[in-house]
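Here is the structure we will look at, set down as structure tokens.
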Amino acid sequence: MRITYLECTRCGEHLSADRAQNVCPKDGGVLFVRYDLASLKGKLRPEDLSGRVASMWRYAEVLPDALPVTLGEGFTPMLPSREYANVHIKDEGLNPTGSFKARGMSAAVTMARHYGLKKLAAPSAGNAGGALAAYAAAAGIEAYIFMPKDVPMANRMECDFYGAHVTLVDGLISDCGRMVAERTKKDGSSKNDEGWFDVSTLKEPFRVEGKKTMGYEVAEQLNWRLPHGIIYPTGGGVGLIGMWKAFDEMEELGWIGSERPKMITVQAAGCAPIVKAWEAGKSTSEMWDGAQTFAAGLRVPRAYGDYLILDILKKSHGFAVAATDEEILAALRHWASVEGVFAAPEGAASLVAYQKLRASGFFGADDKVVLFNTGSAYKYLDMIEVQQKKARPEPVAARHIGGIIGPY
Ligand SMILES: [Zn+2]
């Protein structure tokens, strides 16, 4: 086993990776996977990666050494912007299941199969459910997914076709999370225990491991020089947390120096708990009431790893920005028409954040900045259409006149 132990990000407690673990039993802290990087240093060099598989599993030495459950996730394009000389778009929309969630679920389901788990459960704002369903199908494992009933249609349909057990909930992802937790209690205190293993965001250690490969790719695709800034649409924040972990690992391996990008969180104005906490100088966030945005993946009223996200923003001299749905829709259209990238609404929010940070002088024209597009717009066509109608109501003349429907 390459993994030496699992470490609690709150109290530092070490746990064994020989069996499936969720969070720290003492304080509920998120568990990080630790490897023996010191003995890898000097033996594994960046140039050793050339010619390897063009997926996230090219970084095998810093991932769990179980037989991967893979659909070809990762090593997505790093596109130079056509509009801004020093901007790159990391296009995660090209992953299997059309979003960055593929990375985390590939790693989590790989380890679930390794541990012999038969039933996995997770709440999802949409794309994580689709990814879990796909990887579970590939691994021959059952998936139980709880999603808000108004998730994008693509997410409902893909979960169904992948053969997952789907429960649509009249509520938010936080309500879905509660339902999963209630039915995965291991201490016998719940009559409803279904024997599921909870693979919720940051409630098992391997989704971070998959997502961290985005950090390795940013470095490799920019020739081992990290950018000045990374803008990341933040719902649960696993990618942000994972990339930061990757940078530390790469420094330990001697692949990069101690410099870090400014890490920028962008959230939707209708659900911005991290932005609110950041502006108030707090180290944790509060549950956001009445979360609402068509960027479904950002409808996370409170991130389990909020303390990690806020710590990274602070350490990196980063920032947190909110984007309204109107701004996101305009950016989505702009990116599509200028860059040829049809981004998920969450991804388009990255462009809004960049525009704001350029206007405020936070980033200059010479700063190299990577904007994450976390998914494909093709999974949100219904949501985008509704948002578009809100933004541009039909002209009166096109509505029903005297019972006749027509463009008069
Ligand atoms: Zn702990």
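The values are calculated or read from the model by the stated rules, or taken from the named source; none is laboratory data. In this text the structure is predicted, and so the values were computed from the model without any measurement. When we count neighbours, we look across all protein chains shown, and the Cβ atoms used for this are built from the backbone with ideal geometry, even at glycine. Only protein heavy atoms, including side chains, enter the accessible area calculation; ligands, DNA and RNA are left aside. Shrake-Rupley method; radii C 1.70, N 1.55, O 1.52, S 1.80 Å.
For the list (1) touching a Gly at 6+ places or on another chain (Cβ under 6 Å); (2) more than 16 Å from the ligand (Cβ to nearest atom), I need the number of the one condition that Glu61 fails.
Status for Glu61: all satisfied but (1).
Residue by residue, here is whether (1) out of contact with any Lys or Arg (no Cβ under 7 Å at 6 or more places or on another chain); (2) more than 26 Å from Leu222 (Cα to Cα) holds:
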{"residue": "Lys245", "(1), (2)": "no, no"}
{"residue": "Gly254", "(1), (2)": "no, no"}
{"residue": "Gly257", "(1), (2)": "yes, no"}
{"residue": "Gly270", "(1), (2)": "yes, yes"}
{"residue": "Thr293", "(1), (2)": "no, yes"}
{"residue": "Val321", "(1), (2)": "no, no"}
{"residue": "Ser337", "(1), (2)": "yes, no"}
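Every residue in region 254-284 that is polar (S, T, N, Q) and either open to solvent by less than 10 Å² (accessible area, probe 1.4 Å) or assigned to a helix (DSSP H, G or I) (or both), please.
Hits for region 254-284 are Thr265, Gln267.
Looking at Val338, is it aliphatic (A, V, I, L, M) and open to solvent by 20 Å² or more (accessible area, probe 1.4 Å)?
yes
Among the numbered criteria (1) free of Cβ contacts under 8 Å to residues at least 24 places away in the same chain; (2) more than 21 Å from Asn373 (Cα to Cα); (3) more than 16 Å from the ligand (Cβ to nearest atom); (4) loosely packed, with under 13 Cβ neighbours inside 10 Å, which one does Ser16 miss?
Only one criterion in (1) free of Cβ contacts under 8 Å to residues at least 24 places away in the same chain; (2) more than 21 Å from Asn373 (Cα to Cα); (3) more than 16 Å from the ligand (Cβ to nearest atom); (4) loosely packed, with under 13 Cβ neighbours inside 10 Å is unmet by Ser16, namely (3).
All but one of (1) away from the ligand (no atom under 16 Å from the Cβ); (2) open to solvent by 20 Å² or more (accessible area, probe 1.4 Å) hold for Gly74, so report the exception by its number.
So the condition that Gly74 fails would be (2).
Tally up the residues in region 137-171 that are crowded, with 23+ Cβ neighbours inside 10 Å and within 19 Å of Val386 (Cβ to Cβ), please.
4
Report whether or not Thr9 is among the hydroxyl-bearing types (Ser, Thr, Tyr), out of contact with any Lys or Arg (no Cβ under 7 Å at 6 or more places or on another chain) and within 12 Å of the ligand (Cβ to nearest atom).
On the way: among the hydroxyl-bearing types (Ser, Thr, Tyr): yes; out of contact with any Lys or Arg (no Cβ under 7 Å at 6 or more places or on another chain): yes; within 12 Å of the ligand (Cβ to nearest atom): yes.
Considered against the rule, which asks whether it is among the hydroxyl-bearing types (Ser, Thr, Tyr), out of contact with any Lys or Arg (no Cβ under 7 Å at 6 or more places or on another chain) and within 12 Å of the ligand (Cβ to nearest atom), Thr9 comes out as yes.
Say we look at region 19-46 and pick out the residues that are within 10 Å of the ligand (Cβ to nearest atom) and crowded, with 17+ Cβ neighbours inside 10 Å; which of these is farthest from the chain's Cα centre (by Cα)?
My answer is Cys24.
Test Lys211 against the criterion of being under 23 Å from Gly375 (Cα atoms) and open to solvent by less than 20 Å² (accessible area, probe 1.4 Å), and give yes or no.
When the stated conditions are applied, Lys211 passes them.
List pairs: first residue in region 125-142 and free of Cβ contacts under 8 Å to residues at least 40 places away in the same chain, second residue acidic (Asp, Glu) and open to solvent by less than 20 Å² (accessible area, probe 1.4 Å) anywhere in the structure, Cβ distance under 9 angstrom, at least six positions apart or on different chains.
From residues that are free of Cβ contacts under 8 Å to residues at least 40 places away in the same chain, the pairs are Ala131/Glu73.
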